[in-house]
Amino acid sequence: MRIVKHIFFGVLLVSLSSCYYNRRLVYLQDKQFSEFRPTLVVNKKSVYRLQPSDILSVQVKSSTETDASNTAFNVASRQSGMFATPGSLFLEGYTINNKGKISLPIIGEMEVKDLTLEEVQQNIQTQANKYLTKPTVIVKLTSFKVTVLGEVKNPGYLYVYNNQVTVLEVLGLAGDLTPVANRHNIKLIRQLPTGSSVILLDLTDSKLLNSEYFYLMPNDVLYVEPLKARSHKTNLEVMSVVFAGLTTAVLILSYIKQY
């Protein structure tokens, strides 16, 4: 019986360790979340301001002008938008130079550094109004790229065809984290005009939802480091199997002795 007690306490210890390990895998833990009512979390969205090397797609159209007039304001696209690639977007877009400017047909050079997309669109609209009747100006950022490295299923860089994206969405695009990923210390590396900033994100903390870093910026890099003891889970599984086998053997022997 003494052996059975030792095995029982060993299995109990392994089970408790496994529960603790599983808690480390759960995202956005918060005891105030309820299945009966939604919990409002206010987000802090940072406004992205354009930087050199960003690539813009600019289209100027007017329904009252001839096709030739419209064409003069736009770069001719060689591919359908459905089949656009990062390479084609680079060739057909306007790259912001080191001086923070782009050069548009007819309109000429325009400074766009440190402006938002909405501000650039308004500035181009003002200039286009001088040449076209009631033109429509569409400005999009086509170089929204995020890099994900480390303990994810599909590391690499991802192009985001949207104006905003969250940490969770990007990790989802990367196939989610592996079981040995450290969810408490996700390194977010952000490029600034003066250098690079590094911030640590904790995916298990629900406060991430209202963090200013919940929404990513173009050229952000996420690095997911491994747990310090990568083999911890494997060891627990092996120990569980061993203890379960020993428990079964002892119970069988005890049963045989009784009969």
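The values are calculated or read from the model by the stated rules, or taken from the named source; none is laboratory data. Remember, it's a predicted structure, so these values are computed and weren't measured experimentally. Cβ sites come from the backbone with ideal geometry, for glycine too, and all protein chains shown count toward neighbours.
Determine if the stretch 95-103 includes at least one residue that is over 33 Å from the mean Cα position of the chain (by Cα) and either in a loop (DSSP other than H, G, I, E, B) or modelled with pLDDT under 65 (or both). Within the stretch 95-103 (the criterion being over 33 Å from the mean Cα position of the chain (by Cα) and either in a loop (DSSP other than H, G, I, E, B) or modelled with pLDDT under 65 (or both)), the answer is no, since none of the residues qualifies. Within the stretch 66-83, can one find any residue that is at pLDDT 80 or above and β-branched (Val, Ile, Thr)? No, every residue in the stretch 66-83 fails to be at pLDDT 80 or above and β-branched (Val, Ile, Thr).
Here are some residues: Gly150, Gly175. Which one is more than 23 Å from Asn43 (Cβ to Cβ) and crowded, with 17+ Cβ neighbours inside 10 Å?
After ruling out the rest, the residue left standing is Gly150.
Of all residues in the stretch 190-210, those satisfying the criterion of being under 17 Å from the mean Cα position of the chain (by Cα) and hydroxyl-bearing (Ser, Thr, Tyr) are Ser197, Thr204, Ser206. Among strands (runs of 3 or more DSSP E) entirely within the stretch 180-227, having at least 2 residues that are surrounded by 15 or more Cβ atoms within 10 Å (Cβ to Cβ) singles out 181-192, 221-226. Does Glu118 satisfy the criteria of being among the charged types (D, E, K, R), under 22 Å from Val75 (Cβ atoms) and at pLDDT 95 or above? Yes.
For the stretch 150-175, a residue qualifies if it is aliphatic (A, V, I, L, M) and over 23 Å from Lys207 (Cα atoms), and the qualifying residues are Leu158, Val160. Checked against (1) assigned to a helix (DSSP H, G or I); (2) surrounded by fewer than 16 Cβ atoms within 10 Å (Cβ to Cβ), Tyr157 meets all criteria but (1).
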